[in-house]
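The values are calculated or read from the model by the stated rules, or taken from the named source; none is laboratory data. Bear in mind the structure is a predicted one, so any value in this text is a computation, not a measurement. Heads up, the Cβs are rebuilt from the backbone with ideal geometry, glycines too, and the neighbour counts pull from every protein chain shown. For accessibility, only protein heavy atoms count, side chains too; no ligands or nucleic acids. Shrake-Rupley method; radii C 1.70, N 1.55, O 1.52, S 1.80 Å.
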Amino acid sequence: WTDETAVLAPTPDSPDFYSCCDPGVIKIGRYYYIGYTSTVHPDGIINDVFVARSLKPDGPYEKWSGNGWGGRPKAIVDYTGNPDSFGAGEPSFVVMGETLYMYYAWLEDGKRETRVCIADATDENWPATLEYKGVAITSPDSTCDSADVKYVDDYGKFIAVATNKRFTQDSFVDVFV
């Protein structure tokens, strides 16, 4: 193990200026992509999903601006629900063939969902083509965290894992197939 290195930071006076947290990383072609959660709200609610890319895992990273890479960051998933809720965030990525699957948490009014979007993985500007496909997982209760999703070739299935009752004596791992 080496010392940790911050490779991505919030952009002052922008939609991601409070944080760059809950990262999900994938390498597609030449680029490393980091999806992350951020907000403009000081209480950490009304979160959105953002993405940045780099040719090297340790950066420098360019953030998606809505029509290209670099400049003022723009969310790739805008939370549109109850403004008193966490919102959208905690992305994870899977590439199968030429399709990029992006899973992310949608937490609103105590309800937790894992939603999925797809895009053309061969297009370096894939955030412009991201298409919402629906809810992949509705968590069984409000104590289940967001899910990390991967595709397991040996099983031919997408598998998601999430912690439940985190930080308690009764914590456990949920597995969704």
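Side notes on the structure shown:
- Selection status of T168, open to solvent by 30 Å² or more (accessible area, probe 1.4 Å), free of Cβ contacts under 8 Å to residues at least 60 places away in the same chain and in a strand (DSSP E or B): no
- Just one of (1) touching a Phe, Trp or Tyr at 6+ places or on another chain (Cβ under 7 Å); (2) at positive phi fails for G70. It is (1).
- Count - residues of region 141-165 that are assigned to a loop (DSSP other than H, G, I, E, B) and surrounded by 13 or more Cβ atoms within 10 Å (Cβ to Cβ): 5
- Counting the residues of region 24-37 that are outside any loop (DSSP other than H, G, I, E, B) and in contact (Cβ under 8 Å) with a residue 40 or more places away in the chain gives 9.
- L8 vs. criteria in contact with a Cys (Cβ under 6 Å, 6 or more places away or on another chain) and modelled with pLDDT of 95 or more: yes
- Residues within region 45-88 that are more than 24 Å from S146 (Cα to Cα), open to solvent by 10 Å² or more (accessible area, probe 1.4 Å) and in a strand (DSSP E or B), tallied: 2
- Residue within region 48-55 that is among the charged types (D, E, K, R) and modelled with pLDDT of 95 or more present: yes
- Test: residue in region 8-22 that is buried (at least 18 other Cβ atoms within 10 Å of the Cβ) and either more than 18 Å from the chain's Cα centre (by Cα) or part of a strand (DSSP E or B) (or both): yes
- Residue match in region 28-40 (condition: on the phi > 0 side of the Ramachandran plot and more than 16 Å from the chain's Cα centre (by Cα)): yes
- For Y132, the test of being open to solvent by 10 Å² or more (accessible area, probe 1.4 Å), assigned to a strand (DSSP E or B) and farther than 30 Å from Q169 by Cα is passed.
- Exactly one residue out of T114, T138 is closer than 16 Å to D174 by Cβ, among the β-branched types (V, I, T) and open to solvent by less than 10 Å² (accessible area, probe 1.4 Å): that is T114.
Condition check ((1) charged (D, E, K, R); (2) at pLDDT below 95) across all residues:
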| position | (1), (2) |
| --- | --- |
| A128 | no, no |
| E131 | yes, no |
| G134 | no, no |
| I137 | no, yes |
| S146 | no, yes |
| V149 | no, yes |
| V152 | no, yes |
| V161 | no, yes |
| T168 | no, yes |
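- Hits in region 89-103 (condition: of a type in the set (V, I, T), touching a residue at least 60 places away in the same chain (Cβ under 8 Å) and open to solvent by 20 Å² or more (accessible area, probe 1.4 Å)): V95
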